[in-house]
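The values are calculated or read from the model by the stated rules, or taken from the named source; none is laboratory data. Everything numeric in this text was worked out from a predicted model, so none of it was measured. Backbone-built Cβ (ideal geometry, glycine too); neighbour counts: all protein chains shown.
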Amino acid sequence: MSLIEIQNLSKYFKVLNRREGLRGAFLDLFSGDYRTVKAVDDISFSIDEGEIVGYIGPNGAGKSTTIKMMTGILQPTSGKIEVNQLEPYSNRIANARRMGVVFGQRTQLWWDLPVIESFKILKEIYEVDNETFKQQMGLFEDLIEIKKLYPVQVRTLSLGQRMLCDIAAAFLHNPKVVFLDEPTIGLDVSVKAKIRDVIRELNHTQNITIILTTHDLGDIEALCQRIIIIDKGKILFDGPVQRVNQLFGVYRTLKAQIFDFNQETLPRLNALIQTKFPDPDAVHINQSEDFWTDLIINQEKAPLREVLNLIMSEFALEDIRIVEISMENVVQRIYDGALL
Amino acid sequence: MKRLRHYFRLYFLIEAQYIKSKMQYRDDFFISSIGMFFSSLTTIAVFWVLLASIPDLAGWSFNQLVFIYAFYMLAISPFQILFDHFWQLRFHVIEGTFIKYYFRPLNMLFYYLSEMFDIKGVVQLVLGIAMFIYASIKLQVSWNLPLLLLLAATLFSASLVTISIMMIAASSAFWIFNSWPVLDLARRLREFSPYPMTIFDGFFKILFTYIIPIGFVAFYPSQFFLGSQSISTAVYLSPLIGIGTFALAYWIWLKGVNSYTGTGS
């Protein structure tokens, strides 16, 4: 029996078509001109107990709308959604009892209270018995050394410490499922690693299902067995993370600032790349921000070092950066047929 | 019943912690308490001076007006002390922080309100009690058990009326981007409630009795205790009107909560 069951789920929003300018704003007051935005458009999937699923996609793809439906905040426009065999929107309280949520940067602990008092209040809210409470707190003490944070007011914790406490709090009452929304955003590498360890450990020891939304492909690589990629309200990919890793692990984006950039630079660069790497999938060139040219490089077909050497032989570079492929690029590559 | 006990325990646990943490900022606690004391005192003083210079207002004596004012102070205290978080609702709604109140297995109104407790309101309550006792003695109200029960019922109802009006105003944040004017208007209207409704002419009397029932915050319910000769039918409604307005306010709150979609993350 699966823990989360979603069938043909949709959520539409009615949005007013706004006109420009002051006159337009005035006319809008009396306008009945709505359009329908399909935030989530006929998606289906099911998630089993104990899975860690990465639910990812670019901004505005419909991720948080789906999460909000799974947590009982939003009522679906159509389709079926069941978490623990309950319809979340009409059973919000019963559903909340068996779920934990961490929402990025917004803490759910009591801002003015010391950490330990927040946990005591949570114990009361979820009616956790003393035995379980002691056992869980012991686990957190081992995993994240939460003990030394007990007397500290939540407002004075560092972002990383607060995130760890929030994650621990979400697991306190032994939920069936935990939703983690951008748990590592804005944190430095060592804290990120720690958070990933903790999440993996809690999933492993307590068999708690985890739905993770993130922009950080590192989180996904470290934690997920399965990912679901959503864009424009539709599911683009649902399957084992290895397949995506195989494909996108080899991509790097080379960002270059070319000296004396003018109209001819891009055509020249394109021509140069094409003579050396004729395969169309080897290197993609985008003019992204001002002054920066992005080259998305498939390292299996065009080694990064060779591409760099090639460019430097013809162009003077002011600055370069090499970054992992971004979520937006992953989605774009899937549209281009990378997973077919 | 078990649910109710659970909520009470929880409320005391959270509030005890909250007060403890506030007390840690000792200077803030003392200064704001003293501030509240003097601000309440000056409001009373202005009212006092105003009334003392008018021998009677539409047939109401000075002590009767003090009684009505004291009733008003008692009736608004529960809102001041327990419902203080409503003033922040519009920020939570706009910034998207309101979303966290959906995640706990608790009634959302309870969870939302439990996060704030205005200790300073207690100062106002104490002043209100003192004034109420003073006016009762001066008016020689002969308190007996039925009258005390009636007082409890009318105060409860009057508190619900203030709470409901402010709750509806605060809930407008779910539909209006800048809901401050609505909240401010409700607060200003509430300030009319310690005056005898008989001083208002037709339009305002109907407005304050039937539409925004602030007449039920102090004036109508105090009639039971002032031994007035002509009691209007509105007075007999006052022990009940609170429940009706609160039902409406709670319905509007639920509508807002259920239609909230949050902000993007």
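Within region B:91-122, how many residues turn out to be within 9 Å of chain A (Cβ to nearest Cβ) and within 25 Å of residue B:35 (Cα to Cα)?
1
So, residue A:68, is that one among the basic types (Lys, Arg) and in a strand (DSSP E or B) or not?
Numbers: among the basic types (Lys, Arg): yes; in a strand (DSSP E or B): no.
Judged against the criteria, residue A:68 is not a match.
What tally of residues in region B:101-128 results from selecting those that are in contact with a helix residue (DSSP H, G or I) (Cβ under 7 Å, 6 or more places away or on another chain) and within 17 Å of residue B:79 (Cβ to Cβ)?
18
Being within 12 Å of another protein chain (Cβ to nearest Cβ), loosely packed, with under 15 Cβ neighbours inside 10 Å and either without any contact (Cβ under 8 Å) to a residue 24 or more places away in the chain or among the polar types (S, T, N, Q) (or both) is the requirement here; does residue A:32 meet it?
Here the answer is no, as residue A:32 does not meet what is asked.
Given A:15, A:37, which one is part of a strand (DSSP E or B) and modelled with pLDDT under 85?
Details: A:37 fails: modelled with pLDDT under 85.
Answer to the check: A:15.
Select from region A:119-144 the residues that are closer than 17 Å to residue A:160 by Cα and either buried (at least 17 other Cβ atoms within 10 Å of the Cβ) or touching a residue at least 12 places away in the same chain (Cβ under 8 Å) (or both) and write down the one among them that is nearest to the other protein chains (Cβ to nearest Cβ).
A:140
What pairs can you find where one residue is in region B:68-97 and in contact (Cβ under 8 Å) with a residue 60 or more places away in the chain, the other is among the charged types (D, E, K, R), and their Cβ atoms are less than 8 Å apart, with a gap of 6+ or different chains?
B:76/B:190; B:96/A:106
Please list, ordered by residue number, the helices (runs of 4 or more DSSP H) wholly in region A:209-282 having 2 or more residues that are of a type in the set (S, T, N, Q) and exposed (fewer than 15 other Cβ atoms within 10 Å of the Cβ). I'd like the intermediate steps shown before the answer.
Working: elements: A:217-223, A:241-248, A:265-276.
Of the helices (runs of 4 or more DSSP H) lying wholly inside region A:209-282, those with at least 2 residues that are of a type in the set (S, T, N, Q) and exposed (fewer than 15 other Cβ atoms within 10 Å of the Cβ) span A:241-248, A:265-276.
Which one is nearest to the other protein chains (Cβ to nearest Cβ) among residues in region B:1-34 that are among the polar types (S, T, N, Q) and over 15 Å from residue A:119 (Cα atoms)? I'd like the intermediate steps shown before the answer.
Step one: filter region B:1-34 for residues among the polar types (S, T, N, Q), giving B:17, B:21, B:24, B:32-33.
In the following step, the residues that additionally are over 15 Å from residue A:119 (Cα atoms) were identified as B:21, B:24, B:32-33.
Values: B:21: 4, B:24: 9, B:32: 15, B:33: 17 Å.
Applying the filter and picking the extreme gives B:21.
Across region A:179-198, what is the number of residues that are touching a helix residue (DSSP H, G or I) at 6+ places or on another chain (Cβ under 6 Å) and either more than 16 Å from residue A:105 (Cα to Cα) or part of a helix (DSSP H, G or I) (or both)?
The total comes to 3.
Only one of these conditions is not met by residue B:97: (1) touching a Ser or Thr at 6+ places or on another chain (Cβ under 8 Å); (2) crowded, with 17+ Cβ neighbours inside 10 Å; (3) not aromatic (Phe, Trp, Tyr). Which number is it?
Looking at each condition in turn, residue B:97 falls short on (1).
Look at region A:260-316 and say how many of its residues are under 20 Å from residue A:334 (Cα atoms) and aliphatic (A, V, I, L, M).
The total comes to 7.
Residue A:93: crowded, with 18+ Cβ neighbours inside 10 Å and hydrophobic (A, V, I, L, M, F, W, C), yes or no?
On the way: crowded, with 18+ Cβ neighbours inside 10 Å: no; hydrophobic (A, V, I, L, M, F, W, C): yes.
No, not satisfied.
I'm told residue B:170 meets every condition in (1) away from every other protein chain (no Cβ under 14 Å); (2) under 30 Å from residue A:12 (Cα atoms); (3) without any contact (Cβ under 8 Å) to a residue 12 or more places away in the chain except one. Can you identify the failing condition by its number?
The number of the failed condition is (3).
Please enumerate the residues belonging to region A:89-105 that are facing chain B (nearest Cβ under 10 Å) and either out of contact with any strand residue (DSSP E or B) (no Cβ under 8 Å at 6 or more places or on another chain) or in a loop (DSSP other than H, G, I, E, B) (or both).
The initial filter retains those residues of region A:89-105 that are facing chain B (nearest Cβ under 10 Å), namely A:89, A:92-105.
Within region A:89-105, A:89, A:92, A:93, A:96, A:97, A:98, A:104, A:105 meet the criteria.
Given the criterion surrounded by 18 or more Cβ atoms within 10 Å (Cβ to Cβ) and small (Gly, Ala, Ser), identify the matching residue among B:52, B:58, B:70. Before you say what the answer is, go through the steps one by one.
Details: B:52 fails: surrounded by 18 or more Cβ atoms within 10 Å (Cβ to Cβ); B:58 fails: surrounded by 18 or more Cβ atoms within 10 Å (Cβ to Cβ).
The match here is B:70.
Within the set of pairs 6+ apart or on separate chains, which have a first residue in region A:62-86 that is within 12 Å of another protein chain (Cβ to nearest Cβ), a second that is assigned to a loop (DSSP other than H, G, I, E, B) and among the charged types (D, E, K, R), and C-beta atoms under 8 Å apart?
Note: pairs meeting the criteria are A:62/A:232.
Mind checking which residues of region A:109-118 are part of a helix (DSSP H, G or I) and more than 8 Å from chain B (Cβ to nearest Cβ)?
Here is the first cut: in region A:109-118, the ones part of a helix (DSSP H, G or I) are A:115-118.
Passing the criteria: A:115, A:116, A:118.
For every residue, the table says whether it meets (1) at pLDDT below 85; (2) buried (at least 20 other Cβ atoms within 10 Å of the Cβ); (3) within 18 Å of the chain's Cα centre (by Cα).
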site	(1), (2), (3)
B:163	no, yes, yes
B:173	no, yes, no
B:178	no, no, no
B:181	no, no, no
B:185	no, no, yes
B:191	no, no, yes
B:220	no, yes, yes
B:241	no, yes, yes
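Going through region A:293-321 one residue at a time, which ones are modelled with pLDDT under 85, surrounded by fewer than 18 Cβ atoms within 10 Å (Cβ to Cβ) and assigned to a strand (DSSP E or B)?
Residues satisfying the conditions do not exist here.
Give me a count of the residues in region A:48-61 that are touching a strand residue (DSSP E or B) at 6+ places or on another chain (Cβ under 6 Å) and within 11 Å of another protein chain (Cβ to nearest Cβ).
Going through region A:48-61 one residue at a time, the tally reaches 1.
Does residue A:21 satisfy being surrounded by 13 or more Cβ atoms within 10 Å (Cβ to Cβ), of a type outside the set (S, T, N, Q) and either on the phi > 0 side of the Ramachandran plot or not assigned by TED's automatic domain parsing to the domain that holds residue A:230 (or both)?
Working: surrounded by 13 or more Cβ atoms within 10 Å (Cβ to Cβ): no; of a type outside the set (S, T, N, Q): yes; either on the phi > 0 side of the Ramachandran plot or not assigned by TED's automatic domain parsing to the domain that holds residue A:230 (or both): yes.
For residue A:21, the condition - surrounded by 13 or more Cβ atoms within 10 Å (Cβ to Cβ), of a type outside the set (S, T, N, Q) and either on the phi > 0 side of the Ramachandran plot or not assigned by TED's automatic domain parsing to the domain that holds residue A:230 (or both) - is not met.
Just checking, does region A:231-238 include any residue being within 30 Å of residue A:55 (Cβ to Cβ) and of a type in the set (Gly, Ala, Ser)? Lay out the reasoning, then the answer.
So the first thing to find is which residues in region A:231-238 are within 30 Å of residue A:55 (Cβ to Cβ), and the list is A:231-238.
Right, trim to of a type in the set (Gly, Ala, Ser) and you get A:233.
For region A:231-238, residues within 30 Å of residue A:55 (Cβ to Cβ) and of a type in the set (Gly, Ala, Ser): present.
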